[in-house]
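Contents: one structure, followed by commentary.
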Amino acid sequence: MEAVHYTPEQLNERFSFSGKFQRLAFTLLGVGVVCLIIGIFLSLNPSAPAHGHEAAGADAHGGGHEAHPVTWFTRLIADLLLANMFYFRIAFGAFIALMFTWLGGGGWNTVIKRISEAMSQYIYVAFAVFIVLFFFLGEIYEWVRPEAANDALIQAKAAYLNQTGFIIRNLFFFALWGGIVYVIRKNSLKEDLEGGLNSFYNKATGIAAFFMVTFALSYTFFSIDWLKSLEPHWFSTIYGVYNFAGTMVTSFTVTYFLIIMLKRNGYLSYVNDSHLHDVGKFMFGFSVFWAYIWVSQFLLIWYSNVPEESIYYIKRMGGNDIGLGGKGFYETYTASSQYLGYSFFFFFNIIANFITPFLVLMTRNAKRTPVIVYPLIFIMLIGHWNDLYQLIMPGAIGQYSPSFGSFMMQLGMALTFGGVFLFVVFRSLAKAALVPKNSPFIEESLHHSTGVV
C-alpha cells in the first residue's frame, strides 16, 4: 500500500482564490477579449462569400437551397458555439463522471470530487450562452432559414427540426441538468455539516440513477440539436455516443490538469499517485472509446456508400460525389466539388485524440507521472477543440477559408471562455472544504492504492 501523506489539519484545508489563481483567470479573460476585438475588427468585410459548397454551385446537400452569405458575424456565432460547447462538455463531463463513479460505488475519487463539483458549476454559464444563441440560429443552421421551406428533405424532418421544438427541448434539458447539479452540490455541502448516510449518500444514489437514465436520452437529443443539425441532410445512428465520448475524454483531461495545478500550489497533499493513475486510466480508456466510435461511424458509412451519409466525409476528407472512393490519391482529396478543405483537421483528429494519448498513456507508470501527462494534456485539449471545429465549421460556414482575423476571433473565444471557466471553477472551490470529511468513503479514498508499481 502506498504511503499516505496528510495531517488532520490538511483535511480541513480550504482553497483560496487569490494571487496567481486570480491572475491566471483574469489574464486569460483579458487577453481573450483583446484578441476577440482584434479578430472582429480584422474580419469586418461586407463582401464575404456565401457558404463554400453553395457558392460553388454544387448541390452539396441535395436540397437545392439558396446561398447564405458568410459574414464576420456568421463566423462569430460559429466560434461562439464552438467555444461554449467545448467548455460546456468539460463541465458536464465532470458531473457525469461524478455520477457514474458514485452509482458504481467508486469511493476512490472522494478526495477529488470537489474538483468535479466545481467544474460542473460552469454549466450555468454555458446555459446562458446557449440561450443567447437561440436568437441567432439562422446564422449557422440551414434548417432555420426561409429557403429551407423549399428543401424536401429538411421539410421531411420539420416535425423535429423547428425552432419552437428546438428551444423547448433545450430549455427542458437545461432545467433538468441544472436542477440535478444544484441538488447534488447543495446536499454535498450539507453532508459536510451533518454527515450520515441519509443526508447525502442515499439521496445521491437515487439521483445518480435517475440522472444516468435521463442523461442517456437527453444528451443524445442535445447533440443532435446543437451539432448534428448543422448538416441536416446527413444521417448517423451513433452521433450522440460520439459526442459523449469526446465529452468524457476532455473532462478527465482537465480534471487531471486541475489536480496537478492544485498540488503544485500546496493543496491536495493527500491525493496520491493512485488517484492520478485512475484519472489517467479514464483519459486513456475514453480516448480509445472515442476512436472506436469514430472509426465505427466511418466504416458504417464507408461500406454502405449512401450519398446522404457519405457527404459528411466528402466535405471533410474529399472523395467522389457519391461515395468515399476515388481513382487515386490526388482525386480522392481534390476531385469532388463538395470537398470543403478540412482534410488537415480531419486527419489531425486521429493523431491528437487517439494515436498520441494511446502511445503515451499505455503504460502504468506514465499515468502516474505528471511530467509525462502534462504536455499530453495540452495536445489532447487542442485535439478535441479541433474535433469540435471540424464537427461545426463545415455546416456553419462551409468552405474552409482561413484568415488572420478569423484565427484571432477563435483564439479570443477560446481564451475568454477559458478565463471564465477557471474563474467559476476556482470560485466554486473556494466556497467549500476541499475534503468532504463526512463522506462514508473518505477513509477508502485517503488510503486508495492500485497496488505496488
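Every read-out reported here was derived from the displayed coordinates using simple, explicitly stated rules and does not represent laboratory data. Just so we're clear, the structure is a prediction, and the values are computed from it rather than from any experiment. No Cβ is skipped: glycine too gets one built from the backbone with ideal geometry, and neighbour counts run over all protein chains shown.
With both labels modelled 7 Å from their Cα along Cα-to-Cβ, the LEU299 to GLN22 distance reads 5.5 nm. For the stretch 72-79, the Karplus equation 6.51 cos²θ - 1.76 cosθ + 1.60, evaluated at θ = phi - 60°, returns couplings of 4, 6, 4, 5, 4, 5, 4, 5 Hz by residue, with Gly and Pro reported as x.
For the chain, what does the alpha-carbon gyration tensor say about shape, rounded, prolate or oblate, given a ≥ b ≥ c as the root eigenvalues, a/c under 1.5 as rounded, and a/b over b/c as prolate? Taking the square roots of the gyration eigenvalues as a ≥ b ≥ c, the chain is prolate. The angle between the Cα long axis of helix 273-304 and the longest principal axis of the Cα atoms of the chain comes to about 20 degrees, rounded to the nearest 10. Peptides 312-318, 72-78, ordered by how many other C-beta atoms sit within 10 Å of their residues on average, highest first, read 312-318, 72-78. Packing here is the average count of other Cβ atoms within 10 Å per residue, and on that basis the peptides 266-276, 385-395, 22-32, 113-123, highest first, run 113-123, 385-395, 266-276, 22-32.
Between 0 and 90 degrees, the angle of helix 307-317 with respect to the longest Cα principal axis of the chain falls at about 70 degrees. In terms of surrounding Cβ atoms within a 10 Å radius of their Cβ, LEU133, LEU422, LEU300 rank from fewest to most as LEU300, LEU133, LEU422. Annotation: lysines with alpha-carbon distance below 17 angstrom to LYS437 (same-chain offsets under eight excluded): LYS113, LYS186, LYS190.
Note on PHE378 and ILE238: the model spin-label points, each 7 Å out from Cα along the C-beta direction, lie 3.3 nm apart.
Just to verify a number: FRET efficiency for ASN162 and ARG14, C-beta to C-beta distance, R0 = 30 Å, to 0.05?
Plugging the Cβ-Cβ distance into 1/(1 + (r/R0)^6) gives 0.05.
Spin-label pair ILE37-GLU308: with each label point 7 Å from Cα along the Cα-Cβ axis, the two points sit 4.9 nm from one another.
Centre-to-centre, using Cα atoms only, the stretch 74-107 and the stretch 282-303 are separated by 19 Å.
Counting other Cβ atoms within 10 Å as a rough exposure proxy, the listed residues THR255, THR220 run THR220, THR255 from fewest neighbours to most. If R0 equals 56 Å, the separation of the Cβ atoms of GLU147 and SER449 corresponds to a calculated FRET efficiency of about 0.35. The distance separating the Cα centre of the stretch 392-453 from that of the stretch 246-260 comes to 7 Å.
With helices as the sole contributors, the chain gives -21500 deg cm²/dmol at 222 nm; each DSSP H run of n ≥ 4 counts as -39500 (n - 2.57), and the sum is divided by every residue.
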